[in-house]
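Read the figures in this text as sums done on the coordinates, not as results from a lab. The shown structure was predicted, so the numbers you read here are calculated from the model rather than taken from an experiment. Using ideal geometry, Cβ is built from the backbone for each residue, glycine included, and neighbour counts are taken over all protein chains shown.
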Amino acid sequence: MGRKLNARVGTKRPLLQGDGVLYIPLSGGQLAIVDDTPEIRALVEGRNWTTRATRYPGIVYAHANFRNPDRSYSTKALHRVLMPGVAIVDHINGNGIDCRLCNLRPATHGQNKRNSRASAASGLKGAYCTTKARGGRVYVYWQSAITVDKKRVYLGTFPTEQAAHDAWLAASMKIDPHFTCAGR
């Protein structure tokens, strides 16, 4: 007895055309956006693109299966398909499914991290809560640090999380203002 095929297997979602852009239907009803050029259309057309979540809430990337030379399949992210050979691709506006070429740029790991969302519990980049007990009292203060050339640089201790974040932001702007994101 043969295997029952799902009705969606083999059906490709059509691309939607906009004003100079293509919208790629993704799983979950979302749309990825790319430039409408013949080269890009050839790369993205005829595939079922899906979303893949990241550790940051609300950030997803578009992925599709591609056949390898050995006839096996591998999953590739849309931004990597559009910029082959680039080790790390940065989305300038932080939207992982906005893959227009004007929104993509090559980056180092450090640059990509500086242009990412805040992962600290405070929600502000570079601000970390620290407590210290002295004389039966617990003191809460904020520290800030930034990574430069794979080395963590301590920026100081601050009375508020906003002050710690402001110190990180100032240091990041000195290092590379084009890749500094305040932390959406």
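Taking the Cα-to-Cβ direction at Q30 and at N65 and moving 7 Å from each Cα, how far apart do the two end points lie in nm?
The answer from the label model is 2.1 nm.
Rounded, prolate or oblate: which fits the stretch 34-78, taking a ≥ b ≥ c as square roots of the Cα gyration tensor eigenvalues, rounded meaning a/c under 1.5, else prolate when a/b beats b/c? Mind dumping the intermediate values first?
Details: a/c = 3.02, a/b = 1.23, b/c = 2.45.
Cα axes put the stretch 34-78 in the oblate bin.
Give, rounded to the nearest 20 debye, the magnitude of the charge dipole that the chain has about its Cα centre when Lys and Arg contribute +1 at Cβ and Asp and Glu contribute -1 at Cβ. Could you put the intermediate results ahead of the total?
Values: 27 positive and 12 negative charges, 177 e Å.
It works out to roughly 840 debye.
Take the chain, connect every pair of alpha-carbon atoms lying under 10 Å apart with a spring to form a Gaussian network, then pick out the residue of T75, T108, T157 with the largest mean-square fluctuation.
Most flexible of the set in this elastic network: T75.
If I build a Gaussian network model for the chain, linking alpha-carbon pairs within less than 10 angstrom, which residue out of T54, T147, T131 has the largest mean-square fluctuation?
Evaluated over the chain, the most mobile residue of the options is T131.
For the pairs K76/K151; K76/K125; K125/K151, note any where the Cα-Cα span goes beyond 19 Å. Display every interim value, and only then the final one.
Working: K76/K151 31 Å; K76/K125 29 Å; K125/K151 17 Å.
Flagged as over cut-off: K76/K151; K76/K125.
In deg cm²/dmol and to the nearest 500, what is the mean residue ellipticity at 222 nm of the chain if only DSSP H runs of at least 4 residues count, each as -39500 (n - 2.57), divided by the residue total?
Helix-only estimate at 222 nm: -5000 deg cm²/dmol.
Amide H neighbours of I97 under 5 Å, at least 5 residues apart or on other chains, H built in the peptide plane: list them.
When sequence neighbours closer than 5 places are left aside, the close amide H contacts are V60.
Under a plain spin-label model, where a point goes 7 Å from the Cα along Cα-to-Cβ, how far apart in nm are K150 and K174?
2.3 nm
Report, to one decimal in Å, the Kirkwood hydrodynamic radius for the stretch 16-106 based on all distinct Cα pairs.
It is 13.5 Å.
Could you check the simple spin-label distance between A163 and T50, using points 7 Å along Cα→Cβ, in nm with one decimal?
Placing both labels 7 Å along Cα→Cβ, they lie 4.9 nm apart.
Binned at 5 Å from 0, what are the whole-percent values of the Cα-Cα distance distribution for the stretch 118-179, short to long?
4, 20, 25, 23, 14, 7, 4, 2, 1, 0
When the chain is modelled as a GNM with alpha-carbon springs shorter than 10 Å, which of Y139, Y73, Y23 fluctuates the most?
Y139
Starting from the amide H of V21, placed 1.01 Å from N in the peptide plane, find each other amide H under 5 Å away whose residue is 5 or more places distant or on another chain.
The answer is D36.
Taking amide H positions as placed in the peptide plane 1.01 Å from N, state which residues far from A145 in sequence (5 or more) or on other chains have amide H under 5 Å from it.
L155
Mind checking the angle between helix 161-175 and the chain's longest principal axis? C-alpha axes, 0 to 90 degrees, to the nearest 10.
Relative to the chain, helix 161-175 is tipped by roughly 70 degrees.
Please work out which option in [x] 16.4, 52; [y] 21.5, 77; [z] 55.6, 184 gives Rg and Dmax of the Cα atoms in Å calculated from these coordinates, and answer with its label.
[y]
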